[in-house]
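Novice: Before I ask anything, let me first share the structure, which is written out below as structure tokens.
The values are calculated or read from the model by the stated rules, or taken from the named source; none is laboratory data. Only a predicted model underlies this, so the values are computations on that prediction, with no experimental measurement involved. Every residue, glycine as well, gets a Cβ built from its backbone with ideal geometry; the counts of neighbours run over all protein chains shown.
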Amino acid sequence: MAGYGQNQYLKTQVTTVDNLRLVVLLYEGAIKFLLKAQEGIQEKDVSKRHNQIGRALDIIMELKNALNFSQGGEIAKSLNALYLFMQTHLTTANIQNDTQKVQQVINILSSLKEAWETIASRPEVRKAAEVPAQSKGIRI
């Protein structure tokens, strides 16, 4: 039952957050899953490794699918290339039990998360992003 309460809290948090904060939350989630995947590799727990990398890949795919190339221009193209690199790297890491490749992706995601946090902290950007994610058509 505690899991239900946590899921409801998370769902409420995500549906009331603006798009910039949502991106940060997605990066945080992917990083969390990859840290657990590293544990799985170290513990020789194939299921844990595979499931956690899969969850991180799902998030990266969502971030990739959310790119707006017409408005994002070169930044969207660069992010797309990074997301493709991370997908390939994680797939290889999953096959080879490679914690180093997982760590490289964690490092990239951490840098991106910090950049989005910086962008989201700017008052002029915050004002433009005040409409909650739910009203912008983002679904959970």
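Novice: For segment 36-57, check the following and say yes or no: at least one residue is under 8 Å from the mean Cα position of the chain (by Cα) and surrounded by 15 or more Cβ atoms within 10 Å (Cβ to Cβ).
Specialist: Within segment 36-57, one or more residues are under 8 Å from the mean Cα position of the chain (by Cα) and surrounded by 15 or more Cβ atoms within 10 Å (Cβ to Cβ).
Novice: Pick out the one residue from 107, 97 that is loosely packed, with under 12 Cβ neighbours inside 10 Å, more than 21 Å from residue 18 (Cβ to Cβ) and either modelled with pLDDT of 95 or more or not charged (D, E, K, R) (or both).
Specialist: 107
Condition check ((1) under 19 Å from residue 107 (Cβ atoms); (2) in contact with a strand residue (DSSP E or B) (Cβ under 8 Å, 6 or more places away or on another chain); (3) modelled with pLDDT under 95; (4) not basic (Lys, Arg)) across all residues:
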{"position": "9", "(1), (2), (3), (4)": "no, no, yes, yes"}
{"position": "22", "(1), (2), (3), (4)": "no, no, yes, yes"}
{"position": "27", "(1), (2), (3), (4)": "yes, no, no, yes"}
{"position": "31", "(1), (2), (3), (4)": "yes, no, no, yes"}
{"position": "36", "(1), (2), (3), (4)": "yes, no, no, no"}
{"position": "47", "(1), (2), (3), (4)": "no, no, no, yes"}
{"position": "61", "(1), (2), (3), (4)": "no, no, no, yes"}
{"position": "70", "(1), (2), (3), (4)": "no, no, yes, yes"}
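Novice: Given the conditions (1) over 17 Å from residue 24 (Cβ atoms); (2) modelled with pLDDT under 95, which single one is not true for residue 75?
Specialist: (1)
Novice: It is to be established whether one or more residues within segment 65-74 are aromatic (Phe, Trp, Tyr) and under 21 Å from residue 95 (Cβ atoms).
Specialist: No, segment 65-74 contains no residue that is aromatic (Phe, Trp, Tyr) and under 21 Å from residue 95 (Cβ atoms).
Novice: What number of residues in segment 88-121 are of a type outside the set (A, V, I, L, M, F, W, C) and in contact (Cβ under 8 Å) with a residue 40 or more places away in the chain?
Specialist: Within segment 88-121, residues that are of a type outside the set (A, V, I, L, M, F, W, C) and in contact (Cβ under 8 Å) with a residue 40 or more places away in the chain number 8.
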